[in-house]
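The values are calculated or read from the model by the stated rules, or taken from the named source; none is laboratory data. These numbers were taken from a predicted model, which means no experiment stands behind them. FYI the Cβ positions are ideal-geometry reconstructions off the backbone, even for glycines, and counts take in every protein chain you see. The area values use the complete protein model at the heavy-atom level, side chains included, leaving out ligands, DNA and RNA. Shrake-Rupley method; radii C 1.70, N 1.55, O 1.52, S 1.80 Å.
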Amino acid sequence: MSDQAFDWVSALSAGGREQDDATRRLHELLLRAARFEVNRRRSSLDGSVDVDQLSSDAAHDALLAVLAKLHTYRGDSRFTTWAYKFALLEAAVKVRRRAWRGREVSLDADAWTRIPNLDTGPAASAESSELMLALRRGIQEALTPHQRLVLVQVTLEGVPIDVLAERLGSTRGALYKTLHDARRKLRLRLAEQGFDIDSGRKEAAA
Amino acid sequence: MNNRDVTRRLLGPAGPELTCDACFEQLDRYVEIELDGGDPHSAVPGMAAHLEGCPACAEEHESLLELLRSAPTEGP
Ligand SMILES: [Zn+2]
């Protein structure tokens with residue numbers, strides 16, 4: 001049987017030997033994808049990490065996820081493409097968390113004020129300094145402490161959202177929504193102040 | 001990171017965007033349309049904006065693209 005015609009969904013729910021064979025094939029595909037992802041991100045891990053174990057854990061979790069979601073597969077893409085994404089996600093999340101294990105993430109919403117990232121020094125143009133100041137003030141005044149924390153850690157400090165979610169006992173989806181709401185608030189505020197955000201210029205007062 | 005990068009990171013994409021869950025749901029279809037030379041942006045509105053705003057989903061998108069490119073003969 002060619003792969004084109006192989007009916008994964010039926011085979012994976014056929015029962016007996018057919019289901020066992022299909023499950024084994026699926027696991028091989030997921031393991032390959034997980035290894036691919038772990039290898040891509042290997043440089044973020046220190047040498048002591050057992051990358052084979054990490055890949056195999058990711059493939060295992062992905063297998064469970066695929067089987068649990070099997071009934072949602074609609075055939076909008078090839079089955080293997082659909083299945084791969086589960087393995088890549090599991091592997092990516094595991095690598096990020098492992099890479100950050102033991103690294104401190106400040107959960108203090110006001111830690112950002114100590115970050116010299118918002119460059120308003122002499123090298124910055126007047127326009128851009130004005131925008132930086134408005135951003136700084138917006139972060140301070142328009143956002144909740146939680147929004148401030150998530151926005152700054154994810155966008156400026158480069159803390160992976162999955163790592164922050166783990167530390168805060170939250171989820172990627174929930175934190176991204178917080179990030180998104182914070183961005184909307186900042187954009188709205190800057191627009192009210194006359195900044196044409198996507199060109200970085202401040203328009204003449206209307 | 002210069003001021004432009006800081007601004008872009010803090011403010012994210014301008015238009016409407018998908019959530020992380022919706023992005024994951026559409027990722028396989030989106031990437032196949034990309035690889036087939038189609039128009040993924042009109043097929044999945046809000047996806048490109050999310051990939052611009054969400055570093056984690058952007059990494060996974062890149063990985064799926066690369067994985068399929070590296071194994072083009074893999075079946076359905
Ligand atoms: Zn996302």
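Which angle from 0 to 90°, rounded to the nearest 10, does the C-alpha axis of helix B:20-35 make with the longest principal axis of chain B?
50 degrees
In deg cm²/dmol, rounded to 500, what helix-only [θ] at 222 nm does chain A give when every DSSP H run of at least 4 residues adds -39500 (n - 2.57) and the total is split over its residues?
Calculated at 222 nm, the ellipticity per residue is -19500 deg cm²/dmol.
According to a simple spin-label model (label point 7 Å from Cα along Cα-to-Cβ), what is the distance in nm between A:Thr171 and B:Met1?
Spacing of the two 7 Å Cα→Cβ label points: 2.7 nm.
So how strong a dipole does the protein assembly as shown carry about its Cα centre when Lys and Arg Cβ are +1 and Asp and Glu Cβ are -1, to the nearest 20 debye?
It comes to approximately 740 debye.
Could you report the buried accessible area between B and A, both sides summed, computed with a 1.4 Å probe and given in Å² to the nearest 100?
3900 Å²
Averaged over its residues, how many other protein chain Cβ atoms are within 10 Å of peptide A:163-172's Cβ atoms?
1
Which residue, chosen from A:Ala22, A:Val66, A:Ser44, occupies the Cα position most advanced towards the positive end of the dipole of the range A:3-99, where the dipole is computed from +1 (Lys, Arg) and -1 (Asp, Glu) charges on Cβ about the Cα centre?
The Cα lying farthest towards the positive end belongs to A:Ser44.
Hey, got the average number of other protein chain Cβ atoms within 10 angstrom for residues in B:9-17? Intermediate results must be reported in sequence, preceding the final value.
Values: counts 8, 16, 13, 9, 3, 4, 0, 0, 3.
Across the residues of B:9-17, the mean count of other-chain Cβ atoms within 10 Å is 6.
Points 7 angstrom from Cα along the Cβ direction at A:Arg25 and A:Asp57: gap in nanometres?
Going by the 7 Å Cα→Cβ label model, 3.0 nm.
On full extension of the chain, what length is gained from A:Glu157 through A:Arg101, given 0.36 nm per residue of separation minus the C-alpha to C-alpha distance?
18.6 nm
Under a point-charge model restricted to the Cβ atoms of Lys and Arg (+1) and Asp and Glu (-1), what is the dipole moment magnitude of the range B:14-70 relative to its Cα centre, in debye to the nearest 20?
Here the range B:14-70 has a charge dipole of around 80 debye.
Heavy atoms only, probe 1.4 Å: what % of the accessible area of the range A:3-99 goes to carbon and sulfur, would you let me know?
45 percent
About the Cα centre of the range A:1-114, how large is the charge dipole given +1 on each Lys and Arg Cβ and -1 on each Asp and Glu Cβ? Please answer in debye to the nearest 20.
320 debye
Give me the aspartates and glutamates in straight-line cross-link reach of A:Lys94: C-alpha distance below 16 Å, same-chain residues under 8 apart excluded.
Candidates past the 8-residue exclusion: A:Glu37, A:Asp46, A:Asp50, A:Asp52, A:Asp57, A:Asp61, A:Asp162, A:Glu166, B:Glu59, B:Glu60.
Let me know the mean shielding of B:27-36 by other chains, meaning the per-residue number of their Cβ atoms within 10 Å of its Cβ.
Average per residue, whole number: 4.
Specify which residue in the list A:Gly102, A:Gly158, A:Leu135 is farthest towards the positive end of the charge dipole of chain A, using unit charges on the beta carbon of Lys, Arg (+1) and Asp, Glu (-1), about the Cα centre.
With unit charges placed on the Cβ atoms, the residue in question is A:Leu135.
Would you tally the net charge around A:Val163, using a Cβ to Cβ cut-off of less than 12 Å, leaving A:Val163 out, and scoring K and R as +1, D and E as -1?
+4
Tell me, what is the per residue accessible area of chain B in Å², probe radius 1.4 Å? Please list the in-between numbers first.
Numbers: 3490 Å² over 76 residues.
So chain B comes to 46 Å² accessible per residue, rounded to a whole number.
I'd like the distance between the alpha-carbon centres of the range A:21-98 and the range B:29-62, rounded to an integer number of Å.
20 Å
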